[in-house]
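The values are calculated or read from the model by the stated rules, or taken from the named source; none is laboratory data. Every value quoted in this text rests on a predicted model; they were computed, and no experiment measured them. Glycine gets a Cβ as well: all are built from the backbone with ideal geometry, and neighbour counts include every protein chain shown.
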Amino acid sequence: MGSFRKKISTTFRNRYRIILRRDENLEEKLSVTLTPLNLVIILCVGLFIFGTVIYMLLAYTPLNRIFPTKSSKYSNLEQFEMIQKIDSLELNLSQLNLQSEILSKVLAGEDVDVNYDTAANNLIIDNNPILEVGAESSSTKPESEISLRSASGEEHIYNFMSPLKGVISDTFDVGKKHLAIDIVAEPKSTVKSVQKGTVIFSGWTAAGGHTAVIQHPNNFISVYKHNATILKKEGTFVNFGDAIALVGNSGELTSGPHLHFELWKNGVAVNPLDFISF
């Protein structure tokens with residue numbers, strides 16, 4: 001056994017010379033001395049490099065469509081997930097652009113071209129709140145809870161509270177382009193947020209005067225116009241019942257101290273009376 005190992009060791013350590021000569025004059029051009037062990041190492045390295053090149057060609061070139069590899073399958077999955085994310089971002093961006101366009105028109109007092117039949121089909125009212133004007137709560141809890149069922153059958157619970165104690169002088173009327181309700185109250189009465197959310201606009205418009213706009217959960221937006229002053233700045237988080245403004249008579253489209261209140265859902269104006277007990 002020992003002689004066999006010695007023989008193998010000697011065989012791998014024997015040195016051989018490889019010489020390249022010109023055929024015409026036998027001039028030596030290249031001489032390389034190798035051992036069998038060197039040849040084995042060179043062969044292994046060569047096979048490794050060759051296999052790596054073939055793998056790269058199959059995994060990251062159009063050849064992977066003909067000879068799919070495991071990594072290419074993962075790559076296709078990642079591409080599919082990326083496409084889904086891009087589609088989702090594009091949808092969110094289009095919704096934000098639509099919302100921004102509608103909000104700009106609302107603040108400018110312009111007519112908004114929306115399909116109210118489609119909006120009505122998207123929300124089905126299961127139970128209407130009791131319409132009681134002037135029920136002002138001293139707590140920050142919502143005064144009304146309404147259950148809405150979407151066209152797909154999903155049920156959603158929304159909680160709102162009245163923004164102001166007063167008398168409703170004008171109601172929501174799509175035919176008259178009055179996409180709000182008007183609540184008459186004493187000047188400087190406190191206007192409250194109907195639900196928690198973030199103030200996305202707090203400023204002046206020619207038609208609406210001192211105006212506040214709040215973004216709420218579930219794609220709701222509430223708009224408060226003709227105020228004497230706004231108490232919250234843009235970017236401020238507000239909760240149920242937080243004071244956001246004081247009743248006034250500002251702006252061009254007003255005939256006396258009152259609150260012009262609008263409620264929007266998914267970029268479409270909805271009747272506040274369907275969601276809030278006043």
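This table checks each residue for (1) assigned to a loop (DSSP other than H, G, I, E, B); (2) modelled with pLDDT of 80 or more; (3) in the same structural domain as K265 (by TED's automatic domain parsing); (4) in contact with a strand residue (DSSP E or B) (Cβ under 8 Å, 6 or more places away or on another chain).
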site: K6; (1), (2), (3), (4): no, no, no, no
site: S31; (1), (2), (3), (4): no, yes, no, yes
site: N38; (1), (2), (3), (4): no, yes, no, no
site: G51; (1), (2), (3), (4): no, yes, no, no
site: I86; (1), (2), (3), (4): no, yes, no, no
site: L96; (1), (2), (3), (4): no, no, no, no
site: E101; (1), (2), (3), (4): no, no, no, no
site: L107; (1), (2), (3), (4): no, no, no, yes
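K188 meets each of the listed conditions (1) crowded, with 22+ Cβ neighbours inside 10 Å; (2) within 15 Å of P163 (Cα to Cα) apart from (1).
A quick yes/no check of all residues on (1) over 12 Å from A245 (Cβ atoms); (2) among the charged types (D, E, K, R):
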| residue | (1), (2) |
| --- | --- |
| K177 | yes, yes |
| V191 | no, no |
| T198 | yes, no |
| H210 | no, no |
| N219 | yes, no |
| V223 | no, no |
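Within the set S169, S193, the sole residue that is among the polar types (S, T, N, Q) and in contact (Cβ under 8 Å) with a residue 60 or more places away in the chain turns out to be S169.
Checked against (1) without any contact (Cβ under 8 Å) to a residue 40 or more places away in the chain; (2) part of a loop (DSSP other than H, G, I, E, B), L164 passes all but condition (1).
For the stretch 173-214, a tally of residues being in contact with a Pro (Cβ under 8 Å, 6 or more places away or on another chain) and of a type outside the set (G, A, S) returns 10. Filtering the stretch 201-247 to residues that are in contact (Cβ under 8 Å) with a residue 40 or more places away in the chain and aliphatic (A, V, I, L, M) leaves A206, A207, V213, I221, V223, A228, V238, A243, I244, A245, L246, V247. The number of residues in the stretch 201-214 being surrounded by 16 or more Cβ atoms within 10 Å (Cβ to Cβ) and in contact with a helix residue (DSSP H, G or I) (Cβ under 9 Å, 6 or more places away or on another chain) comes to 6.
The criterion of at least 1 residues that are under 15 Å from I183 (Cβ atoms) and not assigned by TED's automatic domain parsing to the domain that holds M161 is met by none of the strands (runs of 3 or more DSSP E) falling completely within the stretch 193-260.
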